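Taking it in order: structure first as structure tokens, then the write-up.
The values are calculated or read from the model by the stated rules, or taken from the named source; none is laboratory data. This is a predicted model, so every value here is computed, not measured. In this analysis, Cβ positions are derived from the backbone assuming ideal geometry, glycine residues included, and neighbour counts consider all displayed protein chains.
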Amino acid sequence: MKSKFILLTVLIASQLTFSQQRTCGMQQKMDRIMASPVLKQKYLEQQAKFETEYQRLITEQEAFSKNATTVNNINATILIPVAVHFPDAEPSSCLQNLAQTQINILNADYNATNSDISQWTAASSFFPGVNTGNLNIQFVLATQNHPANSGLSNGELAVTFGTNFLNGDDFDPTWSGYMNLVCRDAGSGILGYSPLGGVPGDGETVVIALSAFGSGSGCSGYVPGAPYNLGRTLTHEIGHFFNLNHTFAGCSNTNCATQGDRICDTPPSNTATGGCPTPGSTVKCGVNTLTMNYMDYTNDACMYMFTAGQATRMLAYYNTIASQFLTNTLSNNEYLAANFAIAPNPNNGSFTIQFKDLTNTTSIEVFDITGRVVYENNFNVASENYQTVNLQNPTSGVYFINVKSGSSIVTKKIIIE
Ligand SMILES: [Zn+2]
């Protein structure tokens, strides 16, 4: 009698635990890919490309860490053109705003500028050697050069409504070159799914359930539902798109580079953790579980970080698919803003500007907070991707840099100490 009671208690407890967890459909999606010889072959080829780039990037980062001030350590911002699709909705400005809200959440989470990352200060004592990671990336709703049959004009946001997209499939070649986010029923109880390693050149999609898209009060039929109402399902799924596995992919007791999630700074775990555990209260594979990581299954309010190792893996994957994104779908200003970087910042009046992929003659103008120009220069970027600026005896404070290229102008702030 007693053993039956214990069994019943265990059953109830395990069901409660299960109901507290999010459910991600990545594994089912991968099962579908691996069941198709054509898709499986494509997946394996893409992963082989990734592995080569991953090793190259790790070697490069180790070299940079020994000489952190080298100019090559400047990375221009990664720009991701995004299209959002609502296949089952009428055109709605509310849903357009909800899409932008969701993109803002992605930008915060992927740049580690989310306010709740401050919790890591206290939590980190349970995870020696683990640092937060970020990608220096901007997800941007595309506005230019939309696909011919999309019905969208230049200047309109790449947000579609109704059946123009996909007809229920997981990819649409019409929208190749975008990060396609599809908000629809993702399957029974599933909050979202993405392939492990997405291919934007195929118009592949990340699918998010109606109740897990964005945050706030939502729109009719698209109301974010607690505890998955802070937009973190998409943070998690895009992690998969950039080739991150779950942190609970298995114990990696002998080789962290080839077992588990294959990332050495994420503590190994073999089962998902749901709910909102206190840091240090969950132990799996003999170590504290990183339950606040976006790639576990905890509540939106209780996940707030990627690790540095995850960021490196995502960057390596991005590098293998970067050329597939159509940056001409973004405005010139957005493109320009992402295509130069300033380092170091703050600085002492001497700094370097690095450009990437600019073709127009470009001018730089540095001015102080009163608008007084303290430096200007014109040059042909094609031959001068690095510009060193030395301000003469600058007073410390906030300065601004205007970068003009063609008809575009972008302003960035620098601090001189
Ligand atoms: Zn997942």
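Considering only the stretch 288-311, I want to know if a residue exists there that is of a type in the set (Val, Ile, Thr) and surrounded by fewer than 22 Cβ atoms within 10 Å (Cβ to Cβ).
No, there is no match, as no residue in the stretch 288-311 is of a type in the set (Val, Ile, Thr) and surrounded by fewer than 22 Cβ atoms within 10 Å (Cβ to Cβ).
Please give the number of the condition Asp300 fails out of (1) of a type in the set (Asp, Glu); (2) closer than 30 Å to Phe50 by Cβ; (3) at pLDDT below 90.
(3) is the only condition that Asp300 fails.
Which numbered condition in (1) under 20 Å from the mean Cα position of the chain (by Cα); (2) in a strand (DSSP E or B) is the only one that Lys404 fails?
All conditions pass for Lys404, except number (1).
Here are the criteria: (1) crowded, with 18+ Cβ neighbours inside 10 Å; (2) within 16 Å of the ligand (Cβ to nearest atom); (3) not aromatic (Phe, Trp, Tyr). Tell me which single one Thr271 does not satisfy.
So the condition that Thr271 fails would be (1).
Regarding Thr278, is this residue more than 13 Å from the ligand (Cβ to nearest atom), hydroxyl-bearing (Ser, Thr, Tyr), closer than 25 Å to Ala212 by Cβ and surrounded by 24 or more Cβ atoms within 10 Å (Cβ to Cβ)?
no
Specify the residue that is nearest to the ligand (Cβ to nearest atom); the eligible residues are those in the stretch 235-251 that are at pLDDT 95 or above and in a loop (DSSP other than H, G, I, E, B).
Out of the qualifying residues, it is His246.
Quick check on this structure: which one of Phe306, Phe351, Phe379 is in contact with a Ser or Thr (Cβ under 8 Å, 6 or more places away or on another chain), in the same structural domain as Cys276 (by TED's automatic domain parsing) and of a type in the set (A, V, I, L, M, F, W, C)? Step through it out loud before you land on a result.
Details: Phe351 fails: in the same structural domain as Cys276 (by TED's automatic domain parsing); Phe379 fails: in the same structural domain as Cys276 (by TED's automatic domain parsing).
So the residue among Phe306, Phe351, Phe379 that is in contact with a Ser or Thr (Cβ under 8 Å, 6 or more places away or on another chain), in the same structural domain as Cys276 (by TED's automatic domain parsing) and of a type in the set (A, V, I, L, M, F, W, C) is Phe306.
Any chance the stretch 242-260 includes a residue that's of a type in the set (Phe, Trp, Tyr), in contact with a Pro (Cβ under 8 Å, 6 or more places away or on another chain) and at negative phi?
no
Contact list please: Cβ distance under 8 Å, first residue in the stretch 286-309 and touching a residue at least 12 places away in the same chain (Cβ under 8 Å), second residue within 16 Å of the ligand (Cβ to nearest atom) and of a type in the set (Lys, Arg), pairs at least six apart or on different chains.
Listed by first residue and then by second, the contacts come to Tyr294/Arg232; Tyr297/Arg22; Thr298/Arg22; Asn299/Arg22; Asp300/Arg232; Met303/Arg232.
Would you check if there is a residue in the stretch 80-88 being of a type in the set (A, V, I, L, M, F, W, C) and surrounded by fewer than 17 Cβ atoms within 10 Å (Cβ to Cβ)? Steps first, please.
Taking the stretch 80-88 as the starting set, the residues that turn out to be of a type in the set (A, V, I, L, M, F, W, C) are 80, 82-84, 86.
Checking which are surrounded by fewer than 17 Cβ atoms within 10 Å (Cβ to Cβ) leaves us with none.
No, because not a single residue in the stretch 80-88 is of a type in the set (A, V, I, L, M, F, W, C) and surrounded by fewer than 17 Cβ atoms within 10 Å (Cβ to Cβ).
Which residue is farthest from the ligand (Cβ to nearest atom), if the candidates are limited to the stretch 285-330 and must be of a type in the set (Gly, Ala, Ser) and in a helix (DSSP H, G or I)?
This residue is Ser323.
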